[in-house]
Amino acid sequence: MGHGGGVGVFLVVEGPEGAGKTTLVRWLAAQFLAEGRSALTVREPGGTPVAEAARKLALKSKHDIAPAAELFLILAARADLVEREIRPALEAGKVVVADRFDLSTMAYQVAGRGLPREDVAAALRLATGGLVPDLTLVLDVPVEVGRERQRRLRKEQDRFERQDDAFHERVRAVYRDASGPRVVHLDATLSKKAVQESAWREVTAVSAHSLRGMS
Ligand code: T5A
């Protein structure tokens, strides 16, 4: 495929808090498995020892973090994950399904925190070596719907979840406006089953050629 990372397929699921990303990533992995193909799933930030350490700081730190420091924590996590896990898997011809990737950084660090777009875009290219997803599935959900889903889980809120509605509306606007030949929007207010079915249609359209004959 054209992601610059080898012959595998790189799929990303994006969207605001509580949109259903993790639910869909797990379902996609199970679906690939049911079809006799294994898929590597990763969550961002995270997925390697260094990236998990950076995640803990970026999400759970009790201290204020300067926006640029937060960016570099997240990009440190991404650079390590891409080099150690994602790129080797793609080079081995595997499917990789990521729970968030670059679009999250444009949403949270650029729109949310106010860091300059072009500088962040350049830093992203450095962190990923220019790796781009074959398909980004954006789960569209109003801020209040996603936050209500999260509230029902009664988890302790992280640094991003504690931000006000204005922050989350700016984040959502980036997702709503995301466009490009490899970006597909799905209505995530629909049932899990409906979201999964449309996601699978998009995934098979992108991966059919590249996955033929793989296991
Ligand atoms: N971050 C991350 C940045 O600031 N910059 C970056 O570059 C990156 C990569 C990560 C945080 O890091 C920040 C943004 C994030 O705040 P996280 O916990 O990994 O944090 O991500 P969250 O979005 O906070 O994860 P959530 O678990 O809250 O949301 P999900 O994964 O979108 O939702 P999910 O699947 O856990 O589902 C939430 C609930 O909704 C239900 C599920 O069963 C679950 O109960 N649900 C549905 N209910 C009804 N209909 C549907 N269609 C449903 N789908 C799921």
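What follows draws every value from the coordinates through simple rules; no lab data is involved. If you're wondering where the values come from, they're calculated on a predicted model, not measured in any experiment. Neighbour counts are summed over all protein chains in view; Cβ atoms, including those assigned to glycine, are modelled from backbone coordinates with ideal geometry.
Per-structure values
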item	result
Sequence ranges 155-165, 70-80, 140-150, 114-124, ranked by mean other-Cβ count within 10 angstrom, highest first	70-80, 140-150, 114-124, 155-165
Along each principal axis, Cα extent of segment 1-122, largest first, Å	46, 29, 25
Per-residue [θ]222 nm for the chain (sum of -39500 (n - 2.57) over DSSP H runs n ≥ 4, rounded to 500)	-15000 deg cm²/dmol
For segment 49-94 versus segment 105-153, the gap between their alpha-carbon centres in whole angstrom	14 Å
Alpha-carbon Rg with Dmax, taken over segment 9-212, Å	16.2, 49
Mean Cβ count within 10 Å, highest first, over the residues of peptides 87-94, 188-195	87-94, 188-195
Extension gain, D64 back to R84 (0.36 nm per residue minus Cα-Cα distance, nm)	4.2 nm
